[in-house]
């Protein structure tokens, strides 16, 4: 018996030793190459697709000086993020400095506040640097008791700015009651600036046309027509390979502006005088806020594969030729469900489909390109997606920035961008909201009633 006990005891000890050795070996391997899974929908705890592409395409070394006080929670958070940057690209070198222990270095780089990060690329006369302040990294959300973490957005934009050879000039057309970049589209303007664009408002009548250095113009729902000189300037701009985002929404009622359709008519594209109603795909049961389906295109593919939706309140439909001709290519970008229609009567209190309306599915966005001249235009039946109140919903900003980068041939920046870490809202289409309502308010209580009645009847019968 003693021999048997010794035998089994030795075997148990050996198995335990082997298991411990395996566990130690696995831990050593994982310590060298840690594995993690980000289960959030937007990938908030891993680098975004855009950041990875920017880092992998770096041709210049970037040195990051992070001035954080030792032991602070903000340092730990930023260090964890920047460690991922240096892991993806060996061209990124990160140096953390405590300003209290090394005030000379802080003074050298003009740093006077904690939580400041300095990005530097190049040297001598070619050196470029950008400072990211702590209030840019740690912002406030709509709830004043909650803060947001914008580190990845700010850091990636800083790397783009210090490594890009030349900024791209973009102009937002003004003078016809369009949306401007100060009161309505400041977020869109800042997003363009952060990805290497130099953005200004432009009044063509005052400037004498479109500047020769214009690489992108934005036309956001003008209410008044362009004069003949402005029309000639726009036509000349497009004939020479100009790039533009044209947005025409329905929030102001019937379409009275004629210049845009006159410009688009040469390519067979037309913005309809309607407002889109989509009972099939909409935002929180609001049929006037369609959630479009993506069509296959460089601009939309990554958003489609990631299942990121857009929200387009007060949209107009767009018609275009199904067959392209010559060097011109017209491609759909966004479409409604087949239950949608274009309501042409703006005075109705209740939107209902009739023979005067435009039957769906409808197109909400198209891309026009000319292979010969290089001209590229994105036409959208909506302008509210570029406004400060709506651009932050779901993938609206990603889509607009992808449109701009597609026109600028910045293919590495056609991607999904980093999201702020903070409070997030659940996004539901109208059908999804109805499903949750009926399943929780009607179906589940009904099942409980039926089950309770069955048990009561059974007990009574016993």
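Using helices alone, what [θ] at 222 nm do you get for the chain, with -39,500 (n - 2.57) per DSSP H run of 4 or more residues, divided over all residues and rounded to the nearest 500?
Value at 222 nm, helices only, nearest 500: -10000 deg cm²/dmol.
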query = What full-extension length gain, to one decimal in nm, is calculated for residue 12 and residue 298 as 0.36 nm per residue of separation minus the Cα-Cα distance?
reply = 97.0 nm
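Rounded, prolate or oblate: pick one for the chain, where a ≥ b ≥ c are the square roots of the eigenvalues of its C-alpha gyration tensor, a/c under 1.5 means rounded, and failing that, prolate if a/b is larger than b/c, else oblate.
oblate
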task = Could you tell me what percent of the DSSP beta bridges with both partners in the chain are antiparallel, to the nearest 5?
result = 60 percent
message = Can you compute the FRET efficiency between residue 105 and residue 205 using 1/(1 + (r/R0)^6), with r the Cβ-Cβ distance and R0 = 60 Å? Round to the nearest 0.05.
response = 0.70
ask   = For the stretch 209-257, what's the relative contact order in percent, using C-alpha pairs closer than 8 Å and at least 6 residues apart?
value = 56 percent
ask   = Using r as the Cβ-Cβ distance of residue 165 and residue 193, and R0 as 25 Å, what FRET efficiency do you calculate, to the nearest 0.05?
value = 0.95
note = Under the 7 Å Cα-to-Cβ spin-label approximation, residue 182 and residue 127 lie apart by a distance in nanometres of 3.6 nm
key: Simple spin-label estimate for residue 90 and residue 76 in nanometres, 7 Å along Cα-Cβ   = 3.2 nm
query = By how many nm would the segment from residue 459 to residue 224 lengthen if fully extended, with 0.36 nm per residue of separation less the alpha-carbon distance?
reply = 76.9 nm
task = For residue 436, put the label point 7 Å out on the Cα→Cβ axis and report which residues of the stretch 299-337 keep their amide N under 20 Å from it.
result = 307-313
key: Gap separating the Cα centres of the stretch 178-240 and the stretch 288-348, nearest whole Å   = 23 Å
remark   = With R₀ set to 51 angstrom, the calculated FRET efficiency between the beta-carbons of residue 21 and residue 286, to the nearest 0.05, is 0.25
request  = Quickly work out the residue 389-to-residue 251 label distance, labels modelled 7 Å from Cα along the C-beta direction, and quote it in nm with one decimal.
outcome  = 0.6 nm
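All of the numbers you see were taken from the coordinates with simple rules; none came from a lab. Remember, it's a predicted structure, so these values are computed and weren't measured experimentally. Because the Cβ atoms are built from the backbone with ideal geometry, glycine has one as well, and the counts that use them run over all protein chains shown.
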